[in-house]
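Take a look at the structure set out below.
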Amino acid sequence: VNLGGWSFDLNTNELFWTKNIYKIHDLPTSEKINIDKVKSHFSSEDNEKMAEDFLSIIENGKSFANEYLLTTSKGYKKWVNASYHPLYTEGKISHILGSLQDVSDKKRLIEELEQGKNEAVEASKHYKSLVNNSTFYIRNTTLEGRITFCNDFYISELGIPTEEVLIQDVDIFASVDSEFLDLAQKAFKSVA
């Protein structure tokens, strides 16, 4: 139901739609279709794009597709992908053939993914800012001793060059005073 075919006769200006295109537009198949009727379902901006697309295929004779925002006869908004293909008669383009596909679900999914990505990036920036502006040593280390993250305070306070931070086999207690380690062990044991 979300894909139909159409053709336009350049000599007679007659437009033909398959049943599915009527369904995409929420129109009965008995409806008389012409260019003005088609234009009424699109914004003036999209009508300009479609006019440019028609002119382009007539001038260049190359197939292509484009997306437009359709308003159905029931007032629903749908994103559609229209394809354009020239049909030649005696060396001249006589018809333009194409398909119309409702791609609203795909478009919505892409927009939701993009929005989710943007939200994740913003959250990441926010939390990274909180972590980097903290006056605590914050770092993440694998069990093998590889530092996978440390905040700016850690780097600046311990005087570690940035390019040497993410290296293999780092002693995670190398920069900690041994007296402090003894106190930390005692505190840990008393808590445990």
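For Leu70, the residues 5 or more places off, or on other chains, whose built amide H falls under 5 Å of its own are Lys78, Trp79, Val80. Ligands, DNA and RNA left out, the accessible area of the stretch 1-69 computed with a 1.4 Å probe is 50% carbon and sulfur.
Taking R0 as 45 Å, what FRET efficiency do you get between Ala65 and Val191 from their Cβ-Cβ distance, rounded to the nearest 0.05?
Working: r = 66 Å, r/R0 = 1.46.
My answer for the efficiency is 0.10.
Taking every alpha-carbon pair within the chain, the share separated by more than 20 Å comes to 70 percent. From its DSSP helices (H runs of at least four residues, each -39,500 (n - 2.57)), the chain gives a residue-normalised ellipticity at 222 nm of -13000 deg cm²/dmol. Pairs over the 21 Å Cα-Cα cut-off, from the set Lys39/Lys62; Lys49/Lys77; Lys19/Lys92; Lys19/Lys77: Lys39/Lys62; Lys19/Lys92. The relative contact order of the stretch 1-145, computed from alpha carbon pairs under 8 Å that lie at least 6 residues apart in sequence, is 22 percent.
Using DSSP to define loop residues, name the GluC sites (Glu not before Pro) in the stretch 35-102 whose beta-carbon has at most 14 other beta-carbon atoms within 10 Å. Kindly include the intermediate steps, with their values, before the conclusion.
On the way: sites: Glu45, Glu48, Glu52, Glu59, Glu67, Glu90; in loops: Glu90.
Answer by residue number: Glu90.
Projecting label points 7 angstrom from Cα along Cα→Cβ for Thr72 and Thr18 puts them 1.8 nm apart.
Ranked by accessible surface with a 1.4 Å probe, highest first, in what order do Phe64, Phe136 come? Could the numbers behind the result be given before it?
On the way: Phe64 55, Phe136 140 Å².
Of Phe64, Phe136, the descending order of accessible area is Phe136, Phe64.
In summary, the lysines within cross-link reach of Lys128, defined as a Cα separation below 19 angstrom excluding same-chain residues under 8 places away, comprise Lys117. Loop-located trypsin sites (Lys or Arg not before Pro) across the stretch 1-110 with a Cβ neighbour count of 10 or fewer within 10 Å are Lys32, Lys62, Lys74, with loop assigned by DSSP. Kirkwood-type hydrodynamic radius, the stretch 1-43: 10.9 Å, calculated from all non-identical alpha-carbon pairs.
What's the extension gain from Asp152 to Ser134 if we count 0.36 nm per residue and subtract their Cα-Cα distance? Walk me through the numbers before you get to the answer.
Numbers: separation 18, 0.36 × 18 = 6.48 nm, distance 0.85 nm.
Difference between extended and current length: 5.6 nm.
Note that the chain presents 70 Å² accessible area per residue, ligands and nucleic acids not counted, probe 1.4 Å.
For the stretch 40-126, what mean projected area does the convex hull of the alpha carbons give, in nm²? Provide the component values of the computation, followed by the final result.
Values: hull surface 31.5 nm².
Mean shadow area of the hull around the Cα atoms is 7.9 nm².
With a Förster radius of 45 Å applied to the beta-carbon distance between Asp36 and His126, the computed FRET efficiency rounds to 0.30.
The values are calculated or read from the model by the stated rules, or taken from the named source; none is laboratory data. What you see is a predicted model, and the numbers here were worked out from it, not measured in a lab. As a convention, Cβ positions derive from the backbone with ideal geometry for all residues, glycine included, and neighbour counts pool all protein chains shown. The area values use the complete protein model at the heavy-atom level, side chains included, leaving out ligands, DNA and RNA. Shrake-Rupley method; radii C 1.70, N 1.55, O 1.52, S 1.80 Å.
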